[in-house]
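Below you will find the structure I want to go over with you.
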Amino acid sequence: MLIIYLQFLCFVSGNVSAIFIYKWKGEELVKALQNDSTVYVHITIAAHTSSRQANINRTSVLFVSITFIVLMVISLTWLVFYYVQRFRYIRTKDKISRRLGNAAKKALSKIPTKNLKCEDKEMQGDCECCAICIEPYKISDTLRILPCGHEFHKSCIDPWLLEHRTCPMCKMDILRHYGFVVSSPSSVSGYI
Ligand SMILES: [Zn+2]
Ligand SMILES: [Zn+2]
């Protein structure tokens, strides 16, 4: 006598039912029947998902989760690196801008000025004017005379020089002329 407990997956099509069992269990059943043994079969419904499929699903979920976490870590690391570099670049740029501004103020203090008088050559011609504001020079105007020879209203050229540090006509660098060498912000490597 053989008692077999079967867990099965059932497939029904029309009037035909099919029961799926493991091969080794089927062979055991056939062998018992061939030996004329009495076979009692207790049939219960098995789970639809086999343990192997469950393992595969668990492995897939684990793989996707680990891949997602690794990608997140890489993205966050890159973002932190990018913003640290950007912050360092902006700080360095501000520092150099401040140094350039201070150097420009010192250079400005060395550039001579003059108050126009009636006998000055600027008052002799009728086309002498400030190239920045295009206003003709008048008596008692204060001019700034750059080392390159170009002249402008002091009130016009000073803000320009503090910002650009070069003559607007010939691009002469007043910092280089007076020996104030400050590295340019454009030479700073980094991200904008
Ligand atoms: Zn002017
Ligand atoms: Zn010039």
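Within the set of pairs 6+ apart or on separate chains, which have a first residue in segment 135-163 that is in the same structural domain as residue 111 (by TED's automatic domain parsing) and of a type in the set (Ser, Thr, Tyr), a second that is open to solvent by 70 Å² or more (accessible area, probe 1.4 Å) and near ligand 1 (Cβ under 10 Å from one of its atoms), and C-beta atoms under 9 Å apart?
142/154; 142/155
Something else: Could you say whether any residue in segment 89-99 is under 16 Å from residue 178 (Cα atoms), among the aliphatic types (A, V, I, L, M) and either surrounded by 16 or more Cβ atoms within 10 Å (Cβ to Cβ) or assigned by TED's automatic domain parsing to the domain that holds residue 177 (or both)?
So far as segment 89-99 goes, no, none of its residues is under 16 Å from residue 178 (Cα atoms), among the aliphatic types (A, V, I, L, M) and either surrounded by 16 or more Cβ atoms within 10 Å (Cβ to Cβ) or assigned by TED's automatic domain parsing to the domain that holds residue 177 (or both).
Mind listing just one residue for me: the one in segment 135-159 that is open to solvent by 20 Å² or more (accessible area, probe 1.4 Å) and of a type in the set (A, V, I, L, M, F, W, C) and, of those, nearest to ligand 1 (Cβ to nearest atom)?
Among those residues, the one meeting the criterion is 156.
Hey, another quick one. For residue 171, work out the one condition from (1) assigned to a strand (DSSP E or B); (2) open to solvent by 30 Å² or more (accessible area, probe 1.4 Å) it doesn't fulfil.
Looking at each condition in turn, residue 171 falls short on (1).
Given the criterion under 18 Å from residue 168 (Cβ atoms), at pLDDT below 90 and of a type in the set (D, E, K, R), identify the matching residue among 122, 135.
Result of the check over 122, 135: 122.
The values are calculated or read from the model by the stated rules, or taken from the named source; none is laboratory data. Fair warning: this is a prediction, and the values are worked out from it, not measured in the lab. Neighbour counts run over all protein chains shown; Cβ positions are idealised from the backbone, glycine included. Note: accessible area is taken over every heavy atom of the protein model, side chains too, but ligands, DNA and RNA are not part of it. Shrake-Rupley method; radii C 1.70, N 1.55, O 1.52, S 1.80 Å.
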